[in-house]
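For reference, the structure is listed below as structure tokens.
The values are calculated or read from the model by the stated rules, or taken from the named source; none is laboratory data. Just so it is clear, the structure is predicted and the values come from calculations on it, not from any experiment. Here the Cβ positions follow ideal geometry from the backbone for every residue, glycine too, while neighbour counts run over all protein chains shown.
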């Protein structure tokens, strides 16, 4: 029997079908319509909205605070009163507070552990501001390439939203907070822009948190593997972090080069060590011109990748950056015409130890202003102030220190001190156009770090002048000491500089 449908019912069915199609295209279709797992209800007790106030400092005028700004991020519960978010979200934070689902009042929060090299931050919420504990998430390290995934976040108006994507690949790449390369998942065809800590799930299991998003609708995830290791390390009394690579290596594809290194024709593996740093893992056991054949038994092909049992081909950095400090890593090498095995302790370092620090989050740059000459520590963030393509805009001499020597501090030189620019004043007439040059000596003293400047200013007390010398063919600067106190006072007043020096001793 044919069943007849009224016109009004037919219109209603068409309207509902259009609505469902719209939701599917938008990535917000109800789970019942798509046969998918929907964790929206479950996530209400595990996800918080983070309100972050931050300021930072001007890198080219390091005495200046940036204006206080606000941003938001997603935090997910990993303890009753602890939440996890990408470290990028809290860089240069002045204040952080949280909103949980169903509670409109902000909850006080403080940063417990931040690891910019792993791009992870553990935040502790004030239990007294919570109506009840959060429900911690447990991240699964199960990886299913091509699987459909859902992501969740809480908005400022206390609504929990979700979106859809699929798990496309795993790769080792730089984090957006560090020089270091770490494992990431890449989720493709994401229905919404993510990158602020949104929780990604495969089925009913959390697999990672979002840390970047690009114009191709791809989202980068900090995977469960990194998250679980971070949380285990954070549970220890003394958080030490994970390994940093202490060398640079290149592909070894040229048969002539392999022949020159006396490698057998049937030995196809290996990458060529082009540089060994003074910081990081294996800097004390590797030599330039070594060929790394395997790390911890994993054969490294000539492109610098190894076959991972779960993720397939990965960059060799993963074999070091995934290990905790203090563990051991084993290298099989080709050195001086024969195979050799060496062991190294996994190490890392504070970014401030670099000759040219990669970043200076949460701290003011070191500087000193004398007679209007702005002397400061060279950092990558300083050079990045020149905007896109900054590597071609800064002085080639400065870029050389960053590109070739950033990881090579020595007892003889731990900082690169530069004359950034000159604040015009009567005491420095004729020098206003010099800048971006490297300080070599101050009053005859070779400058090893910016902390040497105050000591150098006290040298040669019988002299009427302070004398600044620079690298390359740059002019010598002569500062009359008898005019200096009054000039510094006037410069501080005229340029509204309350503190003419910030040097860590």
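Observations on the structure shown:
- Qualifying strands (runs of 3 or more DSSP E) (wholly inside the stretch 314-405; at least 2 residues being within 30 Å of residue 467 (Cβ to Cβ)): 367-370, 373-377
- Within the stretch 413-432, restricting attention to residues that are touching a strand residue (DSSP E or B) at 6+ places or on another chain (Cβ under 8 Å) and free of Cβ contacts under 8 Å to residues at least 60 places away in the same chain, the residue that is surrounded by the fewest Cβ atoms within 10 Å (Cβ to Cβ) is 432.
- Selected residue (only one of 486, 490 is in contact (Cβ under 8 Å) with a residue 40 or more places away in the chain and surrounded by fewer than 17 Cβ atoms within 10 Å (Cβ to Cβ)): 490
- Among the residues of the stretch 197-227, the ones that are without any contact (Cβ under 8 Å) to a residue 12 or more places away in the chain and on the phi > 0 side of the Ramachandran plot come to 0 in all.
- Scanning the stretch 228-242 for residues that are in contact (Cβ under 8 Å) with a residue 40 or more places away in the chain and over 14 Å from residue 181 (Cβ atoms) yields 228, 229, 230, 231, 233, 234, 239, 240, 241.
- Members of the stretch 304-313 that are surrounded by 14 or more Cβ atoms within 10 Å (Cβ to Cβ) and assigned to a loop (DSSP other than H, G, I, E, B): 304, 311
- Failed criterion for residue 96 (all others in (1) assigned to a strand (DSSP E or B); (2) closer than 18 Å to residue 231 by Cα hold): (2)
- Once the stretch 101-122 is narrowed to residues that are free of Cβ contacts under 8 Å to residues at least 24 places away in the same chain and under 22 Å from the mean Cα position of the chain (by Cα), the residue that is surrounded by the most Cβ atoms within 10 Å (Cβ to Cβ) is 111.
- Residues of the stretch 123-141 that are under 11 Å from residue 81 (Cβ atoms), touching a strand residue (DSSP E or B) at 6+ places or on another chain (Cβ under 6 Å) and modelled with pLDDT of 95 or more: 123, 124, 125, 126, 134, 136.
- Any chance residue 256 is in contact with a strand residue (DSSP E or B) (Cβ under 7 Å, 6 or more places away or on another chain), modelled with pLDDT of 95 or more and on the phi < 0 side of the Ramachandran plot: no
- Applying a threshold of 8 Å to beta carbon distances and a minimum spacing of six or more residues, or different chains, the list of pairs starting in the stretch 243-260 at a residue that is in the same structural domain as residue 317 (by TED's automatic domain parsing) and ending at one that is surrounded by fewer than 21 Cβ atoms within 10 Å (Cβ to Cβ) and part of a helix (DSSP H, G or I) reads 252/258.
- Looking only at residues in the stretch 327-352 that are farther than 13 Å from residue 290 by Cβ and out of contact with any strand residue (DSSP E or B) (no Cβ under 7 Å at 6 or more places or on another chain), the one that is surrounded by the fewest Cβ atoms within 10 Å (Cβ to Cβ) is 350.
- For the stretch 71-87, a residue qualifies if it is out of contact with any helix residue (DSSP H, G or I) (no Cβ under 7 Å at 6 or more places or on another chain), farther than 18 Å from residue 193 by Cα and assigned to a loop (DSSP other than H, G, I, E, B), and the qualifying residues are 79, 80.
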